[in-house]
Amino acid sequence: MNFTLGAIDPVAFQFGPLRVAWYGIIIVFGMFVAVWLSIKEGEKRGIKEDFIIDLAFWIIPAGLIGARIYYVLFELDVYLQDPIRMLYIWEGGIAIYGGLIAGFATLVWFTKKRGIPVWLLLDVLAPHVMIAQAIGRWGNFINQEAHGGEVSRNFLERMFLPNFIIEQMNINGAYYHPTFLYESLWNVVGFVILMVLRSKDKVLRRGEVALGYVAWYGLGRFWVEGMRTDSLYFGPFRVSQVLSVILFLGAIAWIIYRRNYQYPTPPYYTEGMLPEQTFAEKKRKFQSK
């Protein structure tokens with residue numbers, strides 16, 4: 001890495017006029033990790049590697065487009081002054097929630113088309129998406145963006161942060177909350193929790209890993225978003241905070257409903273692709289009573 005005045009150069013390397021940014025490298029690496037882990041887990045549940053790879057080729061571009069559209073919609077008054085800049089994604093301006101929404105819609109369409117249970121696939125992917133997000137936040141670190149309000153250097157030192165993080169949080173002579181780090185660590189913890197829970201045989205029913213992801217990420221994002229200085233607003237409200245509360249409460253309520261009121265009981269995650277017949281048998285038995 002190149003260092004200039006204590007800050008990390010956002011450009012990793014350059015070939016003539018082509019500049020390759022650390023941000024892009026980090027995001028791509030996070031995606032690769034998520035796809036690789038999903039292939040390994042999918043094989044255990046009867047989902048073929050080709051399906052995961054094909055899904056990635058659909059879901060990744062859809063997520064990027066969705067993330068850009070989401071951001072532009074909440075900054076529409078700015079972009080309407082120069083509409084062509086809506087396409088200038090290299091200038092920055094993407095929102096993770098937009099990517100998740102577009103990615104989810106694409107996943108539902110693709111899985112229905114291929115005959116894969118949606119909830120099963122969501123459970124396969126959810127922890128890996130979380131670790132990809134944890135990795136991706138370090139792209140914000142390189143770009144010195146998505147940070148919180150101003151703090152003192154002493155505040156950062158008392159957090160026992162390594163010097164390279166402290167120096168990167170020095171932006172134009174002032175130090176800022178490393179909110180990228182808070183969210184990254186939160187997601188790493190969530191990844192570990194979900195992986196441990198998912199490995200327990202006959203504990204989680206299908207869909208509960210994915211709902212756990214939604215609840216955990218929503219809770220953490222609500223907290224981190226409150227400290228950020230670059231939030232998108234709808235009136236007086238931070239959009240991501242409002243959406244985080246809705247997702248957190250919705251996920252918890254859905255888990256409670258499925259646990260207590262959904263009959264027949266949804267199949268276990270560990271049953272993989274086999275449970276569709278099992279689930280149908282449970283349904284027939286329930287309806288015959």
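Within the stretch 57-87, the only residue that satisfies the criterion of being touching a helix residue (DSSP H, G or I) at 6+ places or on another chain (Cβ under 8 Å), surrounded by fewer than 17 Cβ atoms within 10 Å (Cβ to Cβ) and within 30 Å of T270 (Cα to Cα) is W58.
The residues on offer are A56, A67, A62, and the sole one that is touching a Ser or Thr at 6+ places or on another chain (Cβ under 7 Å) and assigned to a helix (DSSP H, G or I) is A62. A Cβ distance below 8 Å, combined with a sequence gap of six or more or placement on separate chains, defines the contacts here; from the stretch 252-279, residues that are farther than 17 Å from L197 by Cα and of a type in the set (D, E, K, R) reach residues that are at pLDDT 90 or above and part of a helix (DSSP H, G or I) in the pairs R258/E208. Among the listed residues P127, P117, identify the single one that is crowded, with 19+ Cβ neighbours inside 10 Å, of a type outside the set (G, A, S), within 12 Å of the chain's Cα centre (by Cα) and over 25 Å from R238 (Cα atoms). From the options P127, P117, the qualifying one is P127.
So which residues in the stretch 140-160 are crowded, with 16+ Cβ neighbours inside 10 Å and not in a helix (DSSP H, G or I), if there are any at all?
Start the filter on the stretch 140-160 by keeping residues that are crowded, with 16+ Cβ neighbours inside 10 Å, which leaves 140-148, 151, 156.
Selection gives Q144, E145, A146, H147, G148, V151.
Of all the listed residues (I84, I96), the sole one being at pLDDT below 95, under 25 Å from I131 (Cβ atoms) and among the β-branched types (V, I, T) is I96. The residue that is farthest from F191 (Cα to Cα), counting only those in the stretch 206-239 that are part of a strand (DSSP E or B) and aromatic (F, W, Y), is F234.
Identify, from the list L161, L194, the residue that is under 15 Å from the mean Cα position of the chain (by Cα), among the aliphatic types (A, V, I, L, M) and at negative phi.
Numbers: L161 fails: under 15 Å from the mean Cα position of the chain (by Cα).
Exactly one residue qualifies, and that residue is L194.
State yes or no: is S199 polar (S, T, N, Q), within 24 Å of P266 (Cα to Cα) and surrounded by fewer than 19 Cβ atoms within 10 Å (Cβ to Cβ)? It would help to see each step written out before you state the result.
On the way: polar (S, T, N, Q): yes; within 24 Å of P266 (Cα to Cα): yes; surrounded by fewer than 19 Cβ atoms within 10 Å (Cβ to Cβ): yes.
The answer is yes for S199.
Would you confirm whether or not the stretch 206-227 contains a residue that is farther than 22 Å from E145 by Cα, at pLDDT 95 or above, surrounded by fewer than 15 Cβ atoms within 10 Å (Cβ to Cβ) and not basic (K, R)? No, the stretch 206-227 contains no residue that is farther than 22 Å from E145 by Cα, at pLDDT 95 or above, surrounded by fewer than 15 Cβ atoms within 10 Å (Cβ to Cβ) and not basic (K, R). Does V108 satisfy being closer than 19 Å to R206 by Cα, in contact with a Ser or Thr (Cβ under 8 Å, 6 or more places away or on another chain), modelled with pLDDT of 95 or more and in a helix (DSSP H, G or I)? Considered against the rule, which asks whether it is closer than 19 Å to R206 by Cα, in contact with a Ser or Thr (Cβ under 8 Å, 6 or more places away or on another chain), modelled with pLDDT of 95 or more and in a helix (DSSP H, G or I), V108 comes out as no. Residues that are part of a loop (DSSP other than H, G, I, E, B) and surrounded by fewer than 16 Cβ atoms within 10 Å (Cβ to Cβ) within the stretch 162-173 comprise P162, N172, G173, listed in sequence order. For residues in the stretch 14-29 being part of a strand (DSSP E or B) and under 27 Å from the mean Cα position of the chain (by Cα), which is nearest to G92 (Cα to Cα)? Out of the qualifying residues, it is A21.
Hey, could you check the stretch 125-168 for residues that are among the acidic types (D, E) and free of Cβ contacts under 8 Å to residues at least 60 places away in the same chain and say which is nearest to L197 (Cα to Cα)?
So in the stretch 125-168, the residues among the acidic types (D, E) come out as 145, 150, 157, 167.
Add one more test, that the residue is free of Cβ contacts under 8 Å to residues at least 60 places away in the same chain, and what stays is 150, 157.
On the way: E150: 38, E157: 35 Å.
Filtering first and then ranking leaves E157.
The values are calculated or read from the model by the stated rules, or taken from the named source; none is laboratory data. These numbers come from a predicted model, not from an experiment. So basically every Cβ, Gly included, is an ideal-geometry build from the backbone, and we count neighbours across all protein chains shown.
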